[in-house]
1. Need at least 1 residues that are closer than 30 Å to residue B:296 by Cα per element, so show me which strands (runs of 3 or more DSSP E) inside segment B:742-846 make the cut, counting only ones lying wholly within it.
2. Kindly indicate the residue of segment B:613-633 that is assigned to a loop (DSSP other than H, G, I, E, B) and touching a strand residue (DSSP E or B) at 6+ places or on another chain (Cβ under 8 Å) and also nearest to the other protein chains (Cβ to nearest Cβ) among those meeting that condition.
3. How about segment A:193-206: which of its residues are out of contact with any helix residue (DSSP H, G or I) (no Cβ under 7 Å at 6 or more places or on another chain), away from every other protein chain (no Cβ under 12 Å) and surrounded by fewer than 18 Cβ atoms within 10 Å (Cβ to Cβ)?
4. Among the candidates B:681, B:723, B:741, single out the residue that is closer than 30 Å to residue A:155 by Cβ, crowded, with 24+ Cβ neighbours inside 10 Å and either within 14 Å of another protein chain (Cβ to nearest Cβ) or touching a strand residue (DSSP E or B) at 6+ places or on another chain (Cβ under 7 Å) (or both).
5. Restricting attention to segment B:634-650, which residues are touching a helix residue (DSSP H, G or I) at 6+ places or on another chain (Cβ under 8 Å), more than 7 Å from chain A (Cβ to nearest Cβ) and in a loop (DSSP other than H, G, I, E, B)?
6. How many residues does segment B:319-376 contain that are part of a helix (DSSP H, G or I) and under 12 Å from residue B:407 (Cβ atoms)?
7. Going through segment A:228-261 one residue at a time, which ones are surrounded by 24 or more Cβ atoms within 10 Å (Cβ to Cβ), within 9 Å of chain B (Cβ to nearest Cβ) and farther than 15 Å from residue A:136 by Cβ?
8. Taking the stated definitions as given, is residue B:668 more than 11 Å from chain A (Cβ to nearest Cβ) and within 19 Å of the chain's Cα centre (by Cα)?
């Protein structure tokens, strides 16, 4: 069977495209990188791909707020193209700045307008950028390449990754719709995380969410920085691992795309 | 402010967090205010602080457009609320307000981003003049007086060199910087000046050339029978500045009767030349040094490494100075050969004590705490935005840096062998790419070559540069693409001296014609000489074959980078500058690059005559160990490290922090940058100015030994290691300072030769002095050495964290009574004694044998002994591994210690170089010791479960130190 086609989208200031492409290729996809300027010139360039990944970085410096400018660009240029990609059976992933950008595009809340959206990602409670390893627990999600209950280590690196919602009712709605996909957890996988296990003060310790179909996932941490066993600072204590946990995250995504092709 | 260009009053928008969401910036500011209140012993009565991000938008916009801009770009619908004021309207003040806005003409990346976005949405014309501005509005609830608020604003919110502070005043400047009449060629009357006149011109024109140099310039123009133009004089001053020419290092020196011709050539470069290491690809002559990384991959892959100093700009504006320091050294890497891809940044800071009482901060200087916080934020915001991991570095504290902090920034890059060289051809187009040119950073090169004084903040405001990392990121993306398509023949970055030095350097041996009116400007009104010497950031110059010009420009434009042809390289040997058709400069390149006079400077060195304070017996050895761990130089730097992205690009193997809880300091850091190679790269660095004050030559040896230990400890190959030197020194017109420089440079030669490790690049920053009144404060001689080493296999790297209870602890190397300049002396307030000095042959054998046993995976962990010696190293390993340990000093072989040296204190805290602690499984000890034959590798104890704590028996086998792991952790992190 042929390798699924994956596209890593970057913009001015995106900087994680290379390791994201590497992760997808290792996972079994034919992965390419494209600047969104080219997509804005010709939106049909997205059509051949079954996986779209918005890579991390600092699009436009995050000068007006994380993901703000790239998100506005995409809203105008792509219209409902991302939605149609999902309906066609495509997958979408946004990592870190890519997650912040997807939030701005409105893909997670298709029934809302930019002005009425319920979710936001904003400044870490610590007030500054932070880079460290954390653990994630997979919640009861519809995302087809995540396994509920699983716990895995992953590096995070961001200044504006605090997940918040407008009010508690919105949180309950998202939980009921199984859109809350990933949460920060203590390394044991049990109990409530406090800082720094929850590194940014996210409400409900949420680190990743999906759209209502589960086929578009956004998360703040970076699985693509944990492809090799030696990436993990505790590698010496973890016993023999043939690869980092992030490699599996991407490989499963590619498997889903392949199975559904 | 002067008269404004007639801009209509702007819309004013302030974005605050909604009250139901917390405002981390406000919270952080309040915490800082509380800290200040405590420090000053005075409550200001401030109860709450919140920050509004302010924007001024063109008054011509209609209300719907403004609403749309707010919704789409400025305010988050969930967490933010926008306060909008129509043109001419000002906020009604319910709380005390402090406004901070950039001075006119100071670079504002946020405004630039907003402006581009507005243009894209079709709300303002593209390429129009800059009419978007930003400001910060701090709102404070409470009863502070305006005078208190102003003082607070100066201390916390604004840097008045680049920003205006408004207290109780809502009028914000709006508009472009005042335009000046267009000026063409300006001549400077110089041929008939006497010595006094020449010196006066040098100072008032901020040329900072000395009398001999001014004579040289005068003679040159007398011979030409004409006066120099302003552009020419500026070009000469930039090119001949200490910053660009290294006049001291390359000049003639009389060292106590001995004649030294070109110190650099006869010491550091001589070592490299004589070692003639096959891994060296390009050394000293380009923007960075290049060594071989893996010849088997992609037709041969090399690495480039450069470390820069950015001291004076960081003293005045720590945030901007450190950011542009990083930005500049990244461009050095982009501009080495035909361009290397940056893969790692390093940084090192030398600052005053963080708890220094305000009254000891010299007039005109910022408090050391503010400097450190500023430089950390500057490196963070620039490095993180570039997507380059900041992996290694350090912080050193000494009151001697209080007025003149040192900031070092380094970058490592990957470069395929075929791009390691560059060549300009006559006929090539001069293409400038990147950011636009403004009045920022005028006279940076000359400014950084003179001493600072209490007025530096004011007169050198123009020397401050503000970086825009996103522009640099775009340049980097496009440059590497253009390189891979072979679209240019040579490249260099615009650093100090701007276009004048970049084009002047590339034209050397050729010639060039430059049309200055073609340079894209941020705003109108720059004179041709301002255009020529501006140090506006994020610009690079390429030499492009005219046949490839269109394709090359297209690559840059596809990344939204401006690329503009300024002229042509030719073979005339002259550098000709034109401005709207008028020749504003016409210089002989040979005179420009070869005309610097070489003065003879005197150098002497008198070793300080101080009684040896020895190593006193400790009253409470357990407490001393904890106190040592809390010393600023040793204590955890995690609060800094965590703000840097250290694993972007996915190549991290050993990061800056190691251990089960990622809370202990790594020796070297390790990257695995090429997935198809099994090789990895180790980076290390070292400095010790306390050693330097006592014995500059021993400092050089010890610092190089430590930089070697850093990488060897991680499994770096000592036979494939290269070094970089960075000297920051006081005024070298003073013979004692120059003498110390000579000795340190000689030490560099000796150590490099002994280890077979070439220097591949370096940079010096002399004249690090600060004048206040008639007093001069000088920094101590500070040599910062960086090391880069090839790790043969990424699978075999070794970290410093203790791995398993019951494993043996071996002390490798010999301990001598060397505590001169040690951390223990610093703690105890002692000064003097013998500076640690490596036995170079023994050291080299130690590194090689340790490397060979690592190859067979005999070493479970390895930590080098540096500041704080054996005791601190052991505690750090235990902290990292979350294990206890028991060691016995009585088993350590050593020569008799002299009178005044307590055996326990000496064994625990001597800083003798070339030593390591290694962890070995019990069954592997014999094999390891036999492999290490000839090198002391003494089992001194073993690691234990955590709850046993750290126990040290004294030289008689009696209990000496007993501390728990919690005590160790708390001491190490107390300053957090």
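1. Hits in segment B:742-846: B:759-765, B:782-791.
2. Restricting to residues being assigned to a loop (DSSP other than H, G, I, E, B) and touching a strand residue (DSSP E or B) at 6+ places or on another chain (Cβ under 8 Å), the top hit is B:632.
3. A:194
4. The conditions single out B:681.
5. B:634, B:635, B:636
6. Within segment B:319-376, residues that are part of a helix (DSSP H, G or I) and under 12 Å from residue B:407 (Cβ atoms) number 15.
7. Listed by number, the residues that qualify are A:231, A:233.
8. Criteria met by residue B:668.
The values are calculated or read from the model by the stated rules, or taken from the named source; none is laboratory data. Here the structure is a predicted model, which means the values were calculated and not measured. With ideal geometry, Cβ positions are generated from the backbone for all residues, glycine too; neighbour counts draw on all protein chains shown.
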